[in-house]
Amino acid sequence: MSTESGSTPNADEPLSGDSRRAQIKPAPYSLLNDSASGGSANDIELVMDVPVQIAVELGRSKMQIRHLVALTYGSVIELDVLAGDPLDVVVNGTLVAQGEVVIVNDRYAIRLTDIVTPAERLRKLNR
């Protein structure tokens, strides 16, 4: 095999002193289409009961470790979000919507004000 000169090995050359020749064949596969996959509109039902993690992010902050360990009860951490700014709704780590905080039966909730398109998701993840 002549790889010392920088060329790539040839399929017709023996492998490492082996007298056998390598045979290269295309992998057999079938084309995926609606008829082959048995796809139907009801396939979504298969995943309807799969649990997902939903988080609403209020904001972020950066601080040095010396400030982190000095936090005590009543300490205030300033966030990078202004009051009234929309909050991010994240599903399994992916930004999917934005909304505003509301109170429902003495519990915090979020009213969705914007559903994020895939293009917007990429833009917001890079901020």
Filter the stretch 55-70 down to the residues that are open to solvent by 90 Å² or more (accessible area, probe 1.4 Å) and at pLDDT below 90, then identify the one that is farthest from residue 100 (Cα to Cα).
-> 60
Residue in the stretch 111-127 that is farthest from residue 84 (Cα to Cα), counting only those that are assigned to a strand (DSSP E or B) and out of contact with any Asp or Glu (no Cβ under 7 Å at 6 or more places or on another chain) = 115
Pick from 110, 77, 103: which is within 14 Å of residue 54 (Cα to Cα) and either under 17 Å from the mean Cα position of the chain (by Cα) or among the hydrophobic types (A, V, I, L, M, F, W, C) (or both)?
-> 110
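Anything in the stretch 111-127 that is over 18 Å from residue 60 (Cα atoms), in contact with a strand residue (DSSP E or B) (Cβ under 6 Å, 6 or more places away or on another chain) and either open to solvent by less than 60 Å² (accessible area, probe 1.4 Å) or of a type outside the set (Val, Ile, Thr) (or both)? List them, or say none.
111, 112, 114, 116
The values are calculated or read from the model by the stated rules, or taken from the named source; none is laboratory data. Just so you know, these numbers come straight off a predicted model, no measurement behind them. Glycine also receives a Cβ, built like all others from the backbone with ideal geometry; neighbour counts cover every protein chain displayed. The protein model used for the area step is the full one, side chains on, heavy atoms only, and it has no ligands, DNA or RNA in it. Shrake-Rupley method; radii C 1.70, N 1.55, O 1.52, S 1.80 Å.
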